[in-house]
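Enquirer: Quick one: the structure is below, questions incoming.
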Amino acid sequence: MRYDVPLIVKVLAIVGFGILYIPVMIMMIYSFNSGKLVAVWAGFSTKWYRELWTDDILLSALYKSLLIGMSSATISTFFGLLIAIAFVRFSAFRARLTLSLVASAPLVMPEAVTGLSMLLLFIAMETTFGWPSGRGVDTIMIAHATFGMCFAAVVIQTRLRDMDRYLEEAARDLGERQPFVFMSITLPLIFPSIIAAWLLSFTLSFDDLVIASFVSGPGSSTLPIVIFSKIRLGVSPEINAIATLMILTISGMVLAGSMLILKRDSRGKKN
Amino acid sequence: MNYFFQRFGRQIVIWLPLAWLLLFFMLPLIEMINVSFSEARRAVPPYNPAFQFGPGGISFQPVVDNYYLIYEYWEDYLWPAVNSIRLAFFSTLYCLLFAYPMAWWIARSNKSLQHILLILVLMPFWTSSLLRMYALIGLLNPNGFINDILIWAGVTVIPIQMMQTDFSIYAGMVLTYLPLMILPLYASLVRLDGSIIEAAADLGARKWDIFKTIILPLSIPGIIAGSLLVFIPAVGEFVIPALLGGPEQLMLGKVIWTEFFRNRDWPVASAIAIILIAIIILPIVYARYQDKEGIS
Amino acid sequence: MAPFISIKNISKKYGNFSAVDNVSFNLQKGELFSLLGPSGCGKTTLLRILAGFEVSNTGSFEIDGHDMDNVDPADRPVNIMFQHYALFPHMSVFNNISYGLRRTSLPKSEIKSRVEELLELVRLSGMSERKPKTLSGGQKQRVALARALARRPKLLLLDEPLAALDKKLRSDTQFEICKIQEQLGTTFIVVTHDQEEAMTLSTRIGVMNEGKLIQLGTPKEIYEQPQTSFVADFVGEISFLEAVVKENKNTHWLMQAAVPIYVSSDSNFNVGQKVKLALRPEKISLTSRPTGNINEFKVDILDFAFYGAGTQYRVIGPEGVKLKLYQSHNQPSKANSPMLKTGFVNFSPEAIIVLES
């Protein structure tokens, strides 16, 4: 092949990958530094990891983040699935333009704007009819589910659009009725995208700092909020350790997920 | 059962998410507009709603004080706005610069390498930007990794100031948004049929000529899509200017935060948010317009 | 006369796999040559070597006495028409066709007049501002042809030029390619897996299999005198009979298949030698009653298919010998009755092709 990628392009690309990975890798290495001074290497130690388990604030924030992430991701995926079905499977319907507008605008809205506007609504609702009383885990959950469902809808929509419609028609031709066709044919086929949508909504929620900061109340600080306040005090080996754990966990999940999807895809192509 | 689904299933599928989004996304924006026209006061909540209904009936008294305030102290708000656009624009450019060779390489490599490289691009996209910015601070700090090495190597004696500069903002933006630029570029380059490149070579085009006349023009849709995906969130970015930037790199996202949390001026924060939305709508409308042109 | 195009001992290996295995042939100026073979036989790789996209491991390629070995594809007097045309989607028809010319030192006015000439040649005048995606399949094919011809190459390579067209359009386009080729006198090499296409288009055909050039000849030679059973089987319909040489009877050889068969052949055989007899379907006649001709035996008719101009039968003879035969409808025959369950076949000794077993 004479028209392979030019060497210079490969070199620049490797530099690009370096930019993406080097900062995080150095941080991971330093999370095993035994010294309190971040920049000076004082020997290998896992003591910062052990100390994490005694930090109650951190642990309670982690618990809240997981709770909010899992519940909002579940709501997001369900509603995202409904949006995707409406867009891909239903022909013209009256609310289509409105739905496409409100389902895509959150994707481009700056987090600070989304967070601020939601908080203002929650407060207006509270003064008007007393709910939600104060901000906490439930308001963060609602906020995260709202923008999460838009991302979930995009992920599921792509898969649903690629799906062979004749499969559904074949099932109906063979005597299956509509809601069951969806359960027995469509759902299993788009299942990987549903998993991907759930994971995406979960990580978006788990990583979110800005929106959560606006709609959280006293005592409902999530993990990013706690970490952000710690980072403002400066670099510390303890944050290195938390960050390493979080990044490794998410990366592991993404890696497993993408392996699964790639494997499924290549198996599907061979058959 | 079947009849029920035929009749109501569709309506439920459409209206359940639509109602949620209208309630928790549209209504908040309307409320924010309402607050932006409200009078600030020292109370809880710290504003007097322009539009309200309650036991005392419906009242509507909009004030433009907040926008006037922004106009009056325009220097305090203009620079963050200009900074937002400037820093987002150049960040987009730098992302494009690094993303293009990466997307090209991924698009033109064999299937197994392609899978690995795509996963390598996607992994940082899924991990928290906050944590990656923190990792970057560890590199750029006056006593951080880069300065340590430079001092050790004897390049410099005093640490180089990298934090709180445009450079640190760009580094943060590229680190955060590079994947968003790579993916659409990759999508447009991978569609490019290898025989088209060979056809150009067969007709006498040299390497640079092929890039200029074939590869680059055919990847323009990817460039536009990627630039929008980077520029739009970059304009409203909060974490990056808050952690990596100094007073010179103040951006609107951070101004909203400061007005809200520090100054407790909710109406002004809302008014700035509306200005920020206006800045974001412009490139989207432009892209839509370009899209329609392209079809006809 | 020295050959215009000379291809000598070209081989290309990918690891242990020989894509092209020691291929040699010469072409005269103005020939329309087809490389015919099943997919994966190496014909496309050979084409890409000639265009300069792949580098061969051994061998040489000369055009008009000039060695092409280290010449960049951009500089070769060779152009290629790609299988799916590879038109530049973002350029108009005019810019597609003129792309190659704009990379020469020709003045603009000359380029314009040459493109117009080409558009007329491929009957696309007035379409110069259209974008490729607004063209039909046949029009795209013609733009690709005009683009490849624009630089006036000494050799034009066509990779499956008709594969993407539907059947009716294909036969029209076939004749058009022949006409243009005759008009310009350019040497063409066509790669195809379609034996009908190769037969109708070309002055000569090279049949390839597993990287090797197996047989080279005119379409008639390839069809009537295949040298291997692969060629016989690949080009056209054919039936095979396993046989053993019995004895030489002056003008004929007697061979024993399921039935004794007389074969007329100039070759020499040893008695007892195993051979393969091949028969084209149109060389076999089917009758309802015995005719008393040589090489006749009774068969059961398995099934038949009506083809308009004729009918194709599949029949089974003694010891399960299966034959395919084709009866033209211009000779009225009772055998063409669908009621017929059995019949008699006969074929002349000259019609039999003897191949090595």
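The values are calculated or read from the model by the stated rules, or taken from the named source; none is laboratory data. Predicted model, so just to flag it, every value in this text is computed and none were measured. Neighbour counts run over all protein chains shown; Cβ positions are idealised from the backbone, glycine included. We work out accessible area using only protein heavy atoms, side chains counted, and drop any ligands, DNA or RNA first. Shrake-Rupley method; radii C 1.70, N 1.55, O 1.52, S 1.80 Å.
Enquirer: Quick check on region B:189-208: of everything there that is open to solvent by 40 Å² or more (accessible area, probe 1.4 Å) and in contact with a Lys or Arg (Cβ under 9 Å, 6 or more places away or on another chain), which residue is nearest to B:Cys95 (Cα to Cα)?
Expert: It comes out as B:Val190.
Enquirer: While we're on this one: Do we have A:Phe87 as outside any helix (DSSP H, G or I), over 21 Å from the mean Cα position of the chain (by Cα) and not basic (Lys, Arg) here?
Expert: no
Enquirer: Since C:Leu106 meets every condition but one in (1) touching a residue at least 24 places away in the same chain (Cβ under 8 Å); (2) within 14 Å of another protein chain (Cβ to nearest Cβ); (3) outside any helix (DSSP H, G or I), which condition does it not meet?
Expert: Of (1) touching a residue at least 24 places away in the same chain (Cβ under 8 Å); (2) within 14 Å of another protein chain (Cβ to nearest Cβ); (3) outside any helix (DSSP H, G or I), only one is false for C:Leu106: (1).
Enquirer: Now for a separate question. I'm trying to understand the selection: among the residues of region C:51-78, which are in contact with a strand residue (DSSP E or B) (Cβ under 6 Å, 6 or more places away or on another chain) and open to solvent by less than 20 Å² (accessible area, probe 1.4 Å)?
Expert: Matches in region C:51-78: C:Ala51, C:Phe61, C:Ile63, C:Met68, C:Val78.
Enquirer: Assess whether B:Thr176 counts as being hydroxyl-bearing (Ser, Thr, Tyr), under 15 Å from B:Ser91 (Cα atoms), in the same structural domain as B:Leu122 (by TED's automatic domain parsing) and in contact with a Ser or Thr (Cβ under 9 Å, 6 or more places away or on another chain).
Expert: yes
Enquirer: A follow-up question, please. Looking for something part of a loop (DSSP other than H, G, I, E, B), of a type outside the set (Ser, Thr, Tyr) and more than 23 Å from C:Ser136 (Cβ to Cβ) - is there at least one such residue anywhere in region C:80-91?
Expert: Within region C:80-91 (the criterion being part of a loop (DSSP other than H, G, I, E, B), of a type outside the set (Ser, Thr, Tyr) and more than 23 Å from C:Ser136 (Cβ to Cβ)), the answer is no, since none of the residues qualifies.
Enquirer: Still on this model: For region C:137-149, enumerate the residues that are of a type in the set (Gly, Ala, Ser) and either in contact (Cβ under 8 Å) with a residue 60 or more places away in the chain or more than 18 Å from C:Met91 (Cβ to Cβ) (or both).
Expert: Matches in region C:137-149: C:Gly137, C:Gly138, C:Ala144, C:Ala148.
Enquirer: For region A:154-177, give me each residue that is surrounded by fewer than 16 Cβ atoms within 10 Å (Cβ to Cβ), over 28 Å from the mean Cα position of the chain (by Cα) and either modelled with pLDDT of 85 or more or in a helix (DSSP H, G or I) (or both).
Expert: Within region A:154-177, A:Arg165, A:Tyr166, A:Leu167, A:Glu169, A:Ala170, A:Arg172, A:Asp173 meet the criteria.
Enquirer: In addition: Residues that are open to solvent by 80 Å² or more (accessible area, probe 1.4 Å) and closer than 25 Å to C:Ile63 by Cα: list the strands (runs of 3 or more DSSP E) wholly contained in region C:162-264 that include at least 1 such residues.
Expert: Those strands (runs of 3 or more DSSP E) span C:212-217.
Enquirer: Testing B:Ser109 on (1) farther than 30 Å from A:Ser117 by Cα; (2) polar (S, T, N, Q); (3) away from chain A (no Cβ under 11 Å), one condition comes back false. Which one is that?
Expert: (3)
Enquirer: With the condition kept exactly as written, say whether any residue in region B:41-48 is open to solvent by less than 100 Å² (accessible area, probe 1.4 Å), at pLDDT below 90 and not in a loop (DSSP other than H, G, I, E, B).
Expert: For region B:41-48, residues open to solvent by less than 100 Å² (accessible area, probe 1.4 Å), at pLDDT below 90 and not in a loop (DSSP other than H, G, I, E, B): present.
Enquirer: Out of A:Ser184, A:Ser193, A:Ser220, I need the residue that is closer than 30 Å to B:Ala273 by Cα, over 13 Å from the mean Cα position of the chain (by Cα) and small (Gly, Ala, Ser). Which one?
Expert: A:Ser220
Enquirer: In addition: Do we have B:Ser84 as among the polar types (S, T, N, Q), assigned by TED's automatic domain parsing to the domain that holds B:Pro221, within 30 Å of B:Ala187 (Cβ to Cβ) and open to solvent by less than 50 Å² (accessible area, probe 1.4 Å) here?
Expert: The answer is yes for B:Ser84.
Enquirer: Also, I was wondering about something else. Go through region B:169-187 and count every residue that is among the small types (Gly, Ala, Ser) and open to solvent by 10 Å² or more (accessible area, probe 1.4 Å).
Expert: The qualifying residues number 2.
Enquirer: From the list B:Ala287, B:Ala273, which one is touching a helix residue (DSSP H, G or I) at 6+ places or on another chain (Cβ under 7 Å), of a type in the set (A, V, I, L, M) and facing chain A (nearest Cβ under 10 Å)?
Expert: Unique residue meeting the criteria: B:Ala273.
Enquirer: Let me ask something else. Say whether the condition of being under 30 Å from A:Ala112 (Cα atoms), more than 14 Å from every other protein chain (Cβ to nearest Cβ) and free of Cβ contacts under 8 Å to residues at least 60 places away in the same chain is met by at least one residue in region A:163-184.
Expert: No, that holds for no residue.
Enquirer: Look through region C:1-33, keep the residues that are polar (S, T, N, Q) and in a strand (DSSP E or B), and return whichever of them is farthest from C:Glu62 (Cα to Cα).
Expert: Going through the qualifying residues, I end up with C:Ser18.
Enquirer: Ok, one more. Looking at B:Phe211, B:Phe260 in this structure, which one is within 11 Å of chain A (Cβ to nearest Cβ), open to solvent by 30 Å² or more (accessible area, probe 1.4 Å) and either on the phi > 0 side of the Ramachandran plot or in a helix (DSSP H, G or I) (or both)?
Expert: So the residue among B:Phe211, B:Phe260 that is within 11 Å of chain A (Cβ to nearest Cβ), open to solvent by 30 Å² or more (accessible area, probe 1.4 Å) and either on the phi > 0 side of the Ramachandran plot or in a helix (DSSP H, G or I) (or both) is B:Phe211.
Enquirer: Give the number of residues within region C:100-153 that are within 30 Å of the chain's Cα centre (by Cα) and at positive phi.
Expert: Residues meeting the conditions: 2.
Enquirer: A:Leu101 versus (1) open to solvent by less than 70 Å² (accessible area, probe 1.4 Å); (2) within 24 Å of A:Ile194 (Cα to Cα); (3) more than 7 Å from chain B (Cβ to nearest Cβ): which is the lone unmet condition?
Expert: Going through (1) open to solvent by less than 70 Å² (accessible area, probe 1.4 Å); (2) within 24 Å of A:Ile194 (Cα to Cα); (3) more than 7 Å from chain B (Cβ to nearest Cβ) one by one, A:Leu101 breaks only (1).
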